[in-house]
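Worksheet for the structure shown next.
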Amino acid sequence: MSDQQRLWGGRFSGTSDEAFDRLNASFAVDSRMWAQDIEGSRAHVRMLAAVGVLSNEDAEAIAGGLDQVYAEFANGSFVVQPSDEDIHTAVERRLTELVGDPGRRVHTGRSRNDQVATDVLLYLRDAVDHQLIAITQLIDALLVQAESHIDSLLPGYTHLQRAQPVRLAHHLLAYVQMFIRDHGRFAQVRHGALAESPLGAGALSGVGFPIDRAMTAASLGFAAPTANSLDSVASRDALADYLHAAAMLCVHVSRLGEEMVLWASEEIGFIELSDAFTSGSSMLPQKKNPDAAELARAKAARVIADYAGLQGLVAKLPLAYNKDLQEDKHFLFDAIDTIDLLLPAVTGMLAGAQFRTEAMARACADGYLGATDLADHLVRHGWPFRRAHEAVGTLVRACIARGVGLTEATAAEIALAGLADIDMPDLGASASVEAKVSFGGTSRARVVEQLMAAKAQLAAW
Ligand code: ARG
């Protein structure tokens, strides 16, 4: 590319190598921020006119030109040129074609360094806003299922071994808690690192004109300008905070996806996923594959990598701006796009899922889920817990040897375990869950309490 074509060509006498141009170009990635770039320029120019750095005539000419560039992007008629290295140079180049000299004044008191930092925050703000809604919809779908399954019981697991019965609502509400925290993290990004405007930091040291950074900050919807110009162009904390929150969200979605995959297996059979979120096999006619759940599980790896990628990129950089930072958007946009794809699919999959409560009940009925309840019963009769644990363990071993559940223990087996004098309590799953009255536990009242609290929290958002 010849130096006349480049916005910054003045210092250069030779042409740049094509291979370098290809490496250096970021338009293909950052052009999606066209609306934010133009919005930032509008605010910058209005401010320059207000403080007298630009004449009103120039400012009006630029504003009119920016409106036209905006329209060209919006209706798809914008024609990108080989010299359009990135979205910032593309908009300025087109603006100057349209309005002439005033266009050459738009970059007064501004650098692409503070410009890109601002654009990306504006873009991320929109993404966080709509993803906050998508998280809420996911929570809603879980709450609807939870509400209709307060009295459905399934085994709760530790080490993937049946441990104690729980209400299905309680199990689903565990994910509600995770997603409520995710919502909190997204909201924290929105009102924390995204609240300050880097615009006006210049290339790194500030700007030699009497610009009003508070004015541009306010007109772009930021709470305040950033405090330090070097930090403004060098840091990507808002992106890192977002990617961390995004990775956490995806880890939670992944665990949910994994459970849906397990539950949809013939071996477990706790869930029937709807045809709308499953696919067939090209070879095996009987298959119904839980693809949506599997992909929900898979995406975490990608978004965790995005978070790690950004941190790795920034960690080694000296202050202030370095071209390395151009790569930040790969990680950010990948995570935003992934979550945009993921959440509606997971929400739909959950909303359309049928829980097979009879299979869950069967899994609760046979076995030893009441073992702890029997030990607790002994403790209520004055036994030290450790002795109770030992005696119940002996009884469980005898039952396992005979291939029967705890409730089918014979009088002889009970006597042998040292429990002859004990009135055997109800060891069924219903009695077991009802006994868990501690705050956050799985008794009906506690689960209803939890459900109501979550609904109230959502209603307050
Ligand atoms: N395309 C660049 C980026 O995304 C814009 C900033 C370029 N700044 C510079 N000094 N070359 O980071």
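Below are the figures for this structure:
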| read-out | value |
| --- | --- |
| Elements of type helices (runs of 4 or more DSSP H) contained in the stretch 49-163, each with 1 or more residues being among the aliphatic types (A, V, I, L, M) and in contact with a Gly (Cβ under 8 Å, 6 or more places away or on another chain) | 56-74, 87-99, 112-147 |
| Residues that are among the hydroxyl-bearing types (S, T, Y) and either surrounded by 22 or more Cβ atoms within 10 Å (Cβ to Cβ) or free of Cβ contacts under 8 Å to residues at least 24 places away in the same chain (or both), drawn from the stretch 255-286 | S265, T278, S279, S281, S282 |
| Matching residues, the stretch 183-209, being basic (K, R) and in a loop (DSSP other than H, G, I, E, B) | none |
| Spans of helices (runs of 4 or more DSSP H) in the stretch 394-461 with at least 1 residues touching a Pro at 6+ places or on another chain (Cβ under 8 Å) and surrounded by fewer than 15 Cβ atoms within 10 Å (Cβ to Cβ) | 429-435 |
| Considering residues of the stretch 213-259 that are of a type in the set (D, E) and in contact with a Leu (Cβ under 9 Å, 6 or more places away or on another chain) only, the residue nearest to A127 (Cα to Cα) | D241 |
| Inter-residue pairs, beta-carbon under 9 Å, first over 20 Å from A63 (Cβ atoms) and touching a residue at least 24 places away in the same chain (Cβ under 8 Å) and in the stretch 75-104, second within 14 Å of the ligand (Cβ to nearest atom) and among the hydroxyl-bearing types (S, T, Y), 6+ apart | V80/S31; S83/T89; D84/S31; E85/S26; D86/S26; D86/S31 |
| Cross-chain or 6+ apart pairs with Cβ under 9 Å, the stretch 184-213 first and among the hydroxyl-bearing types (S, T, Y), then part of a loop (DSSP other than H, G, I, E, B) | S197/L220; S197/G221; S197/F222; S197/A223; S197/T226; S205/A320 |
| Filter result for L23 (within 16 Å of the ligand (Cβ to nearest atom), loosely packed, with under 14 Cβ neighbours inside 10 Å and either under 24 Å from H330 (Cα atoms) or not β-branched (V, I, T) (or both)) | yes |
| Filtered residues of the stretch 94-142 (kept if more than 16 Å from the ligand (Cβ to nearest atom) and within 25 Å of E196 (Cα to Cα)) | T108, R125, D126, A127, V128, D129, H130, Q131, L132, I133, A134, I135 |
| Among (1) within 30 Å of Q354 (Cα to Cα); (2) assigned to a loop (DSSP other than H, G, I, E, B), the one test that Y321 misses | (1) |
| Single match in K299, K329 (criterion: within 16 Å of the ligand (Cβ to nearest atom), within 24 Å of A127 (Cα to Cα) and in contact (Cβ under 8 Å) with a residue 40 or more places away in the chain) | K329 |
| Tabulated pairs, the stretch 1-28, first more than 13 Å from E85 (Cα to Cα) and at pLDDT 75 or above, second surrounded by 11 or more Cβ atoms within 10 Å (Cβ to Cβ) and among the polar types (S, T, N, Q), C-beta under 6 angstrom, 6+ apart or interchain | T15/S2 |
| Residue ID - nearest to E327 (Cα to Cα), chosen from residues in the stretch 6-25 that are in a loop (DSSP other than H, G, I, E, B) and among the small types (G, A, S) | A25 |
| Residue among A90, A74, A59 that is within 32 Å of the chain's Cα centre (by Cα), more than 16 Å from the ligand (Cβ to nearest atom) and not charged (D, E, K, R) | A74 |
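The values are calculated or read from the model by the stated rules, or taken from the named source; none is laboratory data. Here the structure is a predicted model, which means the values were calculated and not measured. Neighbour counts run over all protein chains shown; Cβ positions are idealised from the backbone, glycine included.
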